[in-house]
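Written out below as structure tokens is the structure these notes cover.
Readers should treat all values here as calculations from the given coordinates under stated rules, not as data from a laboratory. What you see is a predicted model; the values in this text were computed from it and never measured. Cβ atoms come from the backbone with ideal geometry, glycine included; neighbour counts cover every protein chain shown.
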Amino acid sequence: MRAVFGITLAAAALTLAGGCGGNDRDKDGGGGPGSAALEGTYLLVGMEGPMGKLDEDALKKAGATDAERTWTFKGNQVTCGRKGGRAESGLLHVDSKKNPPEIDIALKDEPVSGVYRSDGDTLTIYAARNAEQRPRELRGTDKTVTLTLRKQ
């Protein structure tokens, strides 16, 4: 089961990013219009995409620790947990004035572009590997990964 989780998480990570690092957007410290509303620490409780679907129970059964599933948004920074509990950081840009609201996360050398919905303590991100593939609707496709995060 841990191997399935590792493969699934690796596929999601590759689809989403590939690590952390980033581009030069928002070095002024602002994460764009709407980023303050997303600030906080979240726990990954589900993901779905071409690799399949994992809910929170499946993530836990696969051996994913809370540290590996933790995401933190602050200003123009995002920190995400990775296998082994180490955290990686990247740049965040949010534009809540767009419909649907857009989110860009620059992790490693590859940006992640998506749209999101924030509903109470739940943040759902529909993401693709680049801006050209950014979803235009709040739903997953065969070329996107859907991440469900719960605010802690």
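Annotation for the range 40-81 versus the range 124-139: alpha-carbon center distance of 17 Å.
Dipole check for the range 34-89: with +1 at the C-beta of Lys and Arg, -1 at the C-beta of Asp and Glu, and the Cα centre as origin, the magnitude is about 200 Debye. Annotation: lysines with alpha-carbon distance below 17 angstrom to residue 143 (same-chain offsets under eight excluded): 53. If you wrap the Cα atoms of the range 82-152 in a convex hull and average its projected area over all directions, you get 5.5 nm².
For residue 142, neighbours were defined as the other residues whose beta-carbon sits under 14 Å from its Cβ, and their charges (Lys and Arg +1, Asp and Glu -1) total +2.
Label sites at residue 36 and residue 122, each approximated as a point 7 angstrom past Cα along Cα to Cβ, lie 2.7 nm apart. In this simple spin-label approximation, residue 57 and residue 88 carry label points 7 Å from Cα along the Cα→Cβ vector, and these lie 3.0 nm apart. Taking 0.36 nm per residue of separation and subtracting the current Cα-Cα distance, fully stretching the chain between residue 99 and residue 152 would add 16.5 nm. Other residues with beta-carbon under 10 Å from the beta-carbon of residue 88 carry, at +1 per Lys or Arg and -1 per Asp or Glu, a net charge of +3. Each Lys and Arg adds +1 at its Cβ and each Asp and Glu adds -1 at its Cβ; summed about the Cα centre, the range 89-141 shows a dipole of about 140 debye.
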